[in-house]
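Right, one structure below, let's go through it.
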Amino acid sequence: MNRVVHPIEQESFRRLRARLDTSRFAPLTRAVVERVVHSSADLEYASDLVLDERELVTAHAALHAGAPVVVDVEMVAAGITRRETVCRLKDARSGPGMTRSAHAVRLAYEDVGPGALWVIGCAPTALEELLKLDASPALVIGLPVGFVGAAESKAALRESGLPAVSNVSEKGGSAVAAAALNALLYHPYHPASSEETL
């Protein structure tokens, strides 16, 4: 089913592209960068994001083949408009050495197992906990926000070697994390195309 784009969104992207040249990016990288910039009105994300086109191609295929999508908080889930998500934060409990967000990641992994796409836009401890698991994710969108642990958890994600979308700075948040996932959802999927077989 084709997505109908509202005229306001069309104009917003026109203005974005007038101020930011994204033509140098590969297709899925461009889609993610533009959608994150669009959701935040922050052009600096174009140089702050860290992502790999080949990893995005693989994750794009997994997503369109039905891989589960796990989010750390309901605010991320609310921003993902075309896909059911798994969020176990309501069921999670904090305890010694573990935040609710970290416990929610453990509970979600019990539900989905390996191969999911993980979208973390709030809690650095959720991302840290995911890195402790043998989750074999299709992709980790790790864009938690904050002055304590956010930049460090994203650096750890990049060092892990897992397929990922992250950013270098402390900024992030639910809206940009959801936007990165939506970019992959909205981008057309054609399994036989050369783009999908990079």
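Data overview
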item: In the stretch 73-104, the residues that are in contact with a strand residue (DSSP E or B) (Cβ under 8 Å, 6 or more places away or on another chain), assigned to a helix (DSSP H, G or I) and closer than 14 Å to L130 by Cα; result: H103
item: Hits in the stretch 62-83 (condition: within 12 Å of V112 (Cβ to Cβ) and in contact with a helix residue (DSSP H, G or I) (Cβ under 9 Å, 6 or more places away or on another chain)); result: A67, P68, V69, V70, V71
item: So P137, is it closer than 25 Å to Y186 by Cα, touching a Ser or Thr at 6+ places or on another chain (Cβ under 7 Å) and assigned to a loop (DSSP other than H, G, I, E, B); result: no
item: Residue, most open to solvent (accessible area, probe 1.4 Å), within the stretch 140-177, restricted to residues that are farther than 11 Å from L49 by Cα and polar (S, T, N, Q); result: S160
item: Test: L133 is in contact (Cβ under 8 Å) with a residue 12 or more places away in the chain and in contact with a Lys or Arg (Cβ under 8 Å, 6 or more places away or on another chain); result: yes
item: First in the stretch 66-89 and open to solvent by 30 Å² or more (accessible area, probe 1.4 Å), second anywhere and among the aliphatic types (A, V, I, L, M) and part of a loop (DSSP other than H, G, I, E, B), Cβ under 8 Å, 6 or more apart; result: P68/A116; V86/A116; L89/V73
item: Residue in the stretch 8-25 that is touching a residue at least 40 places away in the same chain (Cβ under 8 Å) and either among the small types (G, A, S) or open to solvent by less than 80 Å² (accessible area, probe 1.4 Å) (or both) present; result: no
item: Odd one out for T22, checked against (1) of a type outside the set (K, R); (2) within 19 Å of V119 (Cβ to Cβ); (3) in contact with a helix residue (DSSP H, G or I) (Cβ under 6 Å, 6 or more places away or on another chain); (4) modelled with pLDDT under 95; result: (2)
item: Candidate set: the stretch 91-101, residues that are touching a Leu at 6+ places or on another chain (Cβ under 9 Å) and in contact (Cβ under 8 Å) with a residue 12 or more places away in the chain; chosen: the one surrounded by the most Cβ atoms within 10 Å (Cβ to Cβ); result: S101
item: Test: T29 is part of a loop (DSSP other than H, G, I, E, B), closer than 23 Å to K171 by Cβ and open to solvent by less than 30 Å² (accessible area, probe 1.4 Å); result: no
item: Residue ID - surrounded by the fewest Cβ atoms within 10 Å (Cβ to Cβ), chosen from residues in the stretch 106-127 that are within 15 Å of the chain's Cα centre (by Cα) and closer than 15 Å to A156 by Cβ; result: A123
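The values are calculated or read from the model by the stated rules, or taken from the named source; none is laboratory data. It should be emphasised that the depicted structure is a prediction, and the values quoted were computed from it without experimental measurement. Using ideal geometry, Cβ is built from the backbone for each residue, glycine included, and neighbour counts are taken over all protein chains shown. Surface accessibility is based on the protein's heavy atoms, side chains included, excluding ligands, DNA and RNA. Shrake-Rupley method; radii C 1.70, N 1.55, O 1.52, S 1.80 Å.
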